[in-house]
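The structure under discussion appears below in the form of structure tokens.
The values are calculated or read from the model by the stated rules, or taken from the named source; none is laboratory data. Everything numeric here is computed off the predicted structure, so don't read it as measured data. Here Cβ is always computed from backbone atoms with ideal geometry, including for glycine, and neighbour counts include all displayed protein chains. Each accessible area value is taken on the protein alone, full model and side chains, heavy atoms only, with ligands, DNA and RNA left out. Shrake-Rupley method; radii C 1.70, N 1.55, O 1.52, S 1.80 Å.
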2 protein chains.
Amino acid sequence: MAPKDTRTKIVEAAMELFWQKGYGSTSIADILSRTQLNSGSLYHFFPGKQDVLIAVLDAYRDGIEPMLLQPAWGGEPDPVERVFKLLGFYRTLIVETDCTYGCPIGSLALELHEADPAVRDRLAQNFANWVDAVRFCYEQAASRFRPGTDFQALAEFTLTVMEGGVMQARTHRDVAYFDRGVAQLRAHVDLLLERETA
Amino acid sequence: MAPKDTRTKIVEAAMELFWQKGYGSTSIADILSRTQLNSGSLYHFFPGKQDVLIAVLDAYRDGIEPMLLQPAWGGEPDPVERVFKLLGFYRTLIVETDCTYGCPIGSLALELHEADPAVRDRLAQNFANWVDAVRFCYEQAASRFRPGTDFQALAEFTLTVMEGGVMQARTHRDVAYFDRGVAQLRAHVDLLLERETA
DNA sequence: GGCTTAGTTGAATAATCAATCAAGTGTCAA
DNA sequence: TTGACACTTGATTGATTATTCAACTAAGCC
């Protein structure tokens, strides 16, 4: 218990700090002062700073289901609406942070240009998991979509809309940029759902 | 001539370095070694590092027309095709950099979380200029679009697709992610252009 | 020749960075 | 009681950071 306690304390603090200030601008000292630990303890569990980052990315990977998807779509039964519930969840994050919110994975993906393969793989894996979850939603409603709809592409597109919307909303400090992006996606999906018109 | 020469040398070097390594990871020493200048020269023209960043953002703002738009759409006359020529230009940048390309503005926008207002304003201005140029393209073809089409939202959506596509293509080191995003946008625009079907 | 001024030089400074390590503490099990 | 082990302490290292500054050069003007 004791050993894992320290480890998770470090990972949780690093998760928040990397999200708030980015990886490069977060110092080991930042993590230590927030956790009230000494450097020796941190370096007992992690060979170096990059390994803390890897642990953080693994934590996001393991937490997507309980910490993002389930809270986001609550009891929503309709799979397509679940996608937009998820986007709505990001909207509340944007609003709650006064339009300061940035997707932690997206921010790290853009910050770490020449990243180590171990880091890059985990970033890609996080994106892939997100896309998989959304694709699964769309596929559950496959019968309502136009035949031949590419659900993988549509799910990637949904991620694109989320990331682009978050980026613009934060830069302009205005949720409306996010909202307009989601509205465009909604129109796009609605056109792909035209069963009754056919 | 001589004074301005040094200034632009610094701005051009910083432009490339910020694009390659980001703002935080680029040191003044990096800029000095690339320009073969001494620190005193740099601090003669710029009060501090952030002022170099501001000059870089101003350079992007002033360079969007001659350095991005005109090369991108060459002699293309059709305004809608110009938008996709622009996206095609980003595609070549992605390919030429082995899927390492990141939009300099987008990367800086995500990196600089708690940015100075002077910096944030310029980032927003750069986005706004890009969107304005694209919106102008769409508006030139207004008669071909469905009545009531929101060209501002469509142009913002185009920026979203570009940024999201670039982000995913780089993270997965695969242009196909960018291509699929553009294809989705193309389908979206085509549906908005259905004149002949009406 | 002198005066001014814009630009340059490059060593120095103080802060901060990731990382190290020898000396400790506490907890087991034999 | 002893020894092994996991973990902690915190001062320290050496590299790197942005920034400063007094001295210097060169060019233009009177």
* Asked: Out of all the residues in segment A:63-72, is one or more of a type outside the set (A, V, I, L, M, F, W, C), within 11 Å of DNA strand C (Cβ to nearest atom) and surrounded by fewer than 18 Cβ atoms within 10 Å (Cβ to Cβ)?
  -> no
* Just for segment A:109-119: of the residues that are in a helix (DSSP H, G or I) and at the interface with chain B (Cβ under 7 Å from one of its Cβ atoms), which one is most open to solvent (accessible area, probe 1.4 Å)? -> A:Glu111
* Go through segment B:169-187 and give me each residue that's within 20 Å of B:Ser107 (Cα to Cα) and facing chain A (nearest Cβ under 8 Å). => B:Arg170, B:Thr171, B:His172, B:Arg173, B:Tyr177, B:Gly181
* Give just the number: which of (1) within 21 Å of A:Val182 (Cβ to Cβ); (2) of a type in the set (Asp, Glu); (3) in contact (Cβ under 8 Å) with a residue 60 or more places away in the chain does A:Glu96 not satisfy? => (3)
* To do: Scan B:Leu53, B:Leu68 and give me the residue that is more than 24 Å from B:Gln168 (Cα to Cα) and at pLDDT 95 or above.
  => B:Leu53
* Structure fact -> Considering segment A:140-167, residues that are aromatic (Phe, Trp, Tyr) and without any contact (Cβ under 8 Å) to a residue 40 or more places away in the chain, and then whichever is farthest from B:Thr149 (Cα to Cα), we arrive at A:Phe151
* Given the structure, is A:Arg170 assigned by TED's automatic domain parsing to the domain that holds A:Arg61, within 27 Å of B:Phe151 (Cα to Cα), assigned to a helix (DSSP H, G or I) and in contact with a Gly (Cβ under 7 Å, 6 or more places away or on another chain)? -> yes
* Asked: Taking into account only those residues within segment B:142-168 that are out of contact with any His (no Cβ under 9 Å at 6 or more places or on another chain) and aromatic (Phe, Trp, Tyr), which is nearest to the other protein chains (Cβ to nearest Cβ)?
  -> B:Phe151
* Asked: What about B:Ala13, is it touching a residue at least 12 places away in the same chain (Cβ under 8 Å) and within 15 Å of DNA strand C (Cβ to nearest atom)?
  -> yes
* Of the residues in segment A:84-108, how many are surrounded by fewer than 17 Cβ atoms within 10 Å (Cβ to Cβ) and more than 22 Å from A:Trp73 (Cα to Cα)? -> 2
* **Identity of the residue in segment B:32-48, in contact with a helix residue (DSSP H, G or I) (Cβ under 8 Å, 6 or more places away or on another chain) and assigned to a loop (DSSP other than H, G, I, E, B), that ends up nearest to B:Thr6 (Cα to Cα)** => B:Leu37
* Asked: For segment A:39-54, how many residues meet the condition of being buried (at least 18 other Cβ atoms within 10 Å of the Cβ) and among the small types (Gly, Ala, Ser)?
  -> 0
* Selection from segment B:26-56 of residues that are more than 7 Å from DNA strand D (Cβ to nearest atom) and either within 14 Å of another protein chain (Cβ to nearest Cβ) or touching a residue at least 60 places away in the same chain (Cβ under 8 Å) (or both) -> B:Leu53, B:Ile54
* For residues that are in a helix (DSSP H, G or I) and open to solvent by less than 10 Å² (accessible area, probe 1.4 Å), tally how many sit in segment B:129-155. => 7
